Amino acid sequence: MNYIGEHLFPGQLGHFAAVLSLVACLVATIAFFKSNRAEILAEKKSWLRLARAAFLVETISVITIICCIYYILVNHLFEYNYAWEHSDTTLQPKYVFACLWEAQEGSFLLWSFWHCVLGWILIATAKKWEAGVLTVVSFAQFCLATMLLGIYFFHTKVGINPFALLRTEGLLNNAPAFTDITTGNLRADYLTILKDGSGLNALLQNYWMVIHPPVLFLGFASTIVPFAFAFAGLVNNDHTWTKPVLPWALFSGAVLSTGVMMGAAWAYESLSFGGYWAWDPVENASLVPWLVLIAGLHTNLVYKSSGYSLKSTYIFYILAFSLVLYSTFLTRSGILGDTSVHAFVGADIFTQLVSFILVFFIPAMVLFFIRQKSMPTIRKEESTYSREFWMFIGSLILFLSSLIIIAKTSVPVFNKIFGTKMSPPEDVPFSYNQILVFIAILLGLLTAVTQYLKYKETPKAFFSKKIWLPTLIAVTISLAISLSGAMNYDKKGPGFMIAIHIALFAAIYGVVANTGYIWLGLKGKLKAAGASVAHIGFALLLVGILISSSRKEVLSWNTTGVSLFEKTKDQDPAENIALFQGVRTDMGKYHVTYLRDTTNDFDKKKYFELSFESKDGANKFKLYPDIMKINKGRQEPSANPDKEHYWNKDIFAYASAWTDPSVNDTTTFRPVQLKEGDTVFYSNGMIVLNKVMVNPPNNKRVIEPGETAMMLDMTVISKEGSIYSVTPGIVIKQNAVRNLPDTVMAQGLVLQFNKIADEKKRTLEIGVKENKGMTPLITLKVLQFPFISIVWLAVIIMVTGFIMSIVQRTGKTKLTAV
Amino acid sequence: MKKIHIILLVFIAVSIAVLISLMGNLSTYETIATAKQKPGKYVTLSVKMDRNKPLDYNPVKNPNYLAFTALDTLGNSVQVVYHDLKPTDMEKSERIVIGGAISGDHFECKKILVRCPSKYKDDPNAAKNSLKEQTSQY
């Protein structure tokens, strides 16, 4: 059957490219493998040519797939499930890419794309390691390509086809509008009815969501390079890869840090986690590979400078990539459904994801155990006064912390395997913080001291001569901060508070000592200071985390004392304040007024204009939090915060609930009988019926010719003394009666003329309805985050340090090559 | 024994101790019936909202009070009280995960996890309904 108006070509081209890419990856893997194995140079080269050609085909295929999806999204081809599910016609062009990676398929594609880019850089630079390294990369590409197939093999579906048509997904069968009455099948012109998609999730309509996923996926993708080098090293039994891998490991570290912290920035801006870091499994899953990779980077440096720690370098690099795969499994298989708000729900790729981990992890570990006996080891013990010893300890601590985090995050996996019923503790962030604060102390101290030690052996006099000054400065600064009371966080008892203060000292020590090292150790040679700068950034990050998280404040404590609010139990937080439009409300240090709201059709947002005034009068500002309507799943609109930024704090406000006057109308009319001149009370004052008017001359209501109007002239007097005039009434035409109720918005009052109760006594029945929901109202949550800027600044410094090191290391490699 | 071995042993011991202590921190998934036997203990329940019973939430009166009736798969029900905002889309969720403790006659809820909007993919009904609503005008 032919359907009218379908554009099938982009889908067919895209699906062909998906299958082609699968085949090309397979060819590339085999050819690179053969080239790596070949002994004769000519044979090696011919395999390599084939492999590169296959890799080129693969790259073109991946780009074709992306272009096809992009074309489908931009042209709103809703016959495709992908476009229907993830976009709609009102989508702003800048978010098209966010649609691309909203779904599993798109994000796998992004990952695949980065592998291609990295692959070509490796082909250009890796020289003798090219074949070995690219074998692994191509194989990973093969695994990713299977995720995009959507083809059945022996009744099991492999992958998800991003080009599936909406009509084949079964969704349309249930909508009667799409059925052709004569045949019972889908109407041939169903596309004329299907006018819009279900839209992009509102949380993703944020600029961070356009740039954060590509960076994070580049970070994930880049962890394959150290893994591939290590794997090639094991295959070839050659450990010289530890040198060319260094810039790659540094690059991976830099990009992963950026990606993870961009995710944190998004979480912070959209407040969907209540801050920049909430130990949500999705966040943990991206942090853990970073920790292990950094551990590997340090042992790698140790091996290069001293010959120790080769085995641990292998293990850490293998684990870093395996953990990326494991994280992929955690966040995409749906196993975290009950513990994370933000994980994907599993499609039918559970088994595929598990195999994806094992197919890399198991061969690498088996090979490692075969080769480890023949690896060179140094029998002599490291000196306690050597840099390599403490670097190794530092790596172990990083690794240990990653184990703790991943073990906790994996609780749903244990539940699934062992049938246990463990669930997250009451205070999830604290359950992490209470352990990791000690890790922070250790890492801060090690970061501070280790650079002052030399490889092999450090003269004790040298060490103590250099270290005393930074130590003294750090003690002074941290004591000043601690005693200033900026960190009084006693909610979790004195033990935890002491730990925080020690950690603050350790972190400041790290900053001061590494800054000092640039002059004391390196004599101000900035070119060689990459490591110091990265360590300054890392330690400063710890400082920022400690200060900002211990002082997060809720400003919107509901302490208004307005009688409208029920008292909550004292142990429960009441962190939201209700604001009526136009009413200045007391909120702790501020007065807040909800001035008005404006609707913007362009981005489907409704903005609330809020005016904040601090009570001392020093500070006035306006915030515009908004809510956004989306079609998807017919959800309620979702709230977006707005923030006021200061150098030392951010104030966030978001509408946590709001009333829509047209909807929230559930109360009923209370009938009251009145005569002219009578008065009736309502909850906030009284209502007077002045007189009954038949066909009043200057009637403000619309009355059609031939109708007789009977209007009631009434006055509403509120307790505060405000007077409002209202004229409800009815119009009669022959036997039909039309009711014209009237309202007093400010009092939440609706009046209607029900009927004449008694003609002789001239009493009338009036309906009175009170509905507070009529006054526009929002519930506001306001948070203050202090010194958050330190966190972002620290990340920038850290990444700068990584980049400086990459420049330094690639420079050295070039020199030795010459 | 080398220094490094001693340190490794210490690390292993520390990590085991830490992990065990963390396990002690975890709560457990319970059914409503078993939760009722442990009043005051923090537990996690995986429940559905009983749509036949009223959901009590009025942000005008008090934005920090939400009460509803929860049903578990065994058919038991309990009144849930939550002193915070109603999570967006809670009424539409198929299943919610709540953390808290039984206190007297009700479940004093501290945490509500409603499934993420991006996950409605696996709920074909939601997608179907949305399609129906979109096209009901024809």
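The values are calculated or read from the model by the stated rules, or taken from the named source; none is laboratory data. Because the structure is predicted, anything quoted here is derived from the model rather than measured. Every residue, glycine among them, receives a Cβ derived from its backbone with ideal geometry; neighbour counts consider all protein chains shown.
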In the stretch A:720-763, the residues that are among the basic types (Lys, Arg), assigned to a strand (DSSP E or B) and under 22 Å from A:Gly677 (Cα atoms): A:Lys755
Of the criteria (1) in contact with a Leu (Cβ under 9 Å, 6 or more places away or on another chain); (2) touching a residue at least 40 places away in the same chain (Cβ under 8 Å); (3) crowded, with 21+ Cβ neighbours inside 10 Å, which one A:Lys304 fails: (3)
Lone unmet requirement of (1) small (Gly, Ala, Ser); (2) at pLDDT 90 or above; (3) exposed (fewer than 13 other Cβ atoms within 10 Å of the Cβ) for A:Ser374: (2)
Residues located in the stretch A:93-130, provided they are more than 14 Å from A:Leu204 (Cα to Cα) and aliphatic (A, V, I, L, M): A:Leu109, A:Leu110, A:Val117, A:Leu118, A:Ile121, A:Leu122, A:Ile123, A:Ala124, A:Ala126
A:Trp120, sole failed condition from (1) assigned to a helix (DSSP H, G or I); (2) closer than 30 Å to A:Gly170 by Cα: (2)
Residue check for A:Ile362: more than 14 Å from chain B (Cβ to nearest Cβ), without any contact (Cβ under 8 Å) to a residue 60 or more places away in the chain and either surrounded by fewer than 21 Cβ atoms within 10 Å (Cβ to Cβ) or in contact with a Gly (Cβ under 8 Å, 6 or more places away or on another chain) (or both): yes
Total residues in the stretch A:383-420, condition in a helix (DSSP H, G or I), over 27 Å from the mean Cα position of the chain (by Cα) and more than 10 Å from chain B (Cβ to nearest Cβ): 8
Search result, residues across the stretch A:177-211 that are within 8 Å of another protein chain (Cβ to nearest Cβ), part of a helix (DSSP H, G or I) and more than 15 Å from A:Leu77 (Cα to Cα): A:Ala177, A:Phe178, A:Ala202, A:Leu203, A:Leu204
Hits in the stretch A:431-481 - residues which are in contact with a Phe, Trp or Tyr (Cβ under 7 Å, 6 or more places away or on another chain) and not in a helix (DSSP H, G or I): A:Gln451, A:Tyr452, A:Leu453, A:Glu457, A:Thr458
Only one of A:Val57, A:Val74, A:Val62 that is out of contact with any Cys (no Cβ under 6 Å at 6 or more places or on another chain), hydrophobic (A, V, I, L, M, F, W, C) and within 22 Å of A:Met147 (Cα to Cα): A:Val57
Meets criteria (surrounded by fewer than 23 Cβ atoms within 10 Å (Cβ to Cβ), not assigned by TED's automatic domain parsing to the domain that holds A:Ser252 and not basic (Lys, Arg)) for A:Thr168: yes
Matching residues, the stretch A:43-90, being hydroxyl-bearing (Ser, Thr, Tyr) and within 30 Å of the chain's Cα centre (by Cα): A:Thr59, A:Ser61, A:Thr64, A:Tyr70, A:Tyr71, A:Tyr80, A:Tyr82, A:Ser87, A:Thr89, A:Thr90
The stretch A:307-342, residues that are of a type outside the set (S, T, N, Q), over 30 Å from A:Glu457 (Cβ atoms) and in a loop (DSSP other than H, G, I, E, B): A:Gly334, A:Ile335, A:Leu336, A:Gly337, A:Asp338, A:Val341, A:His342
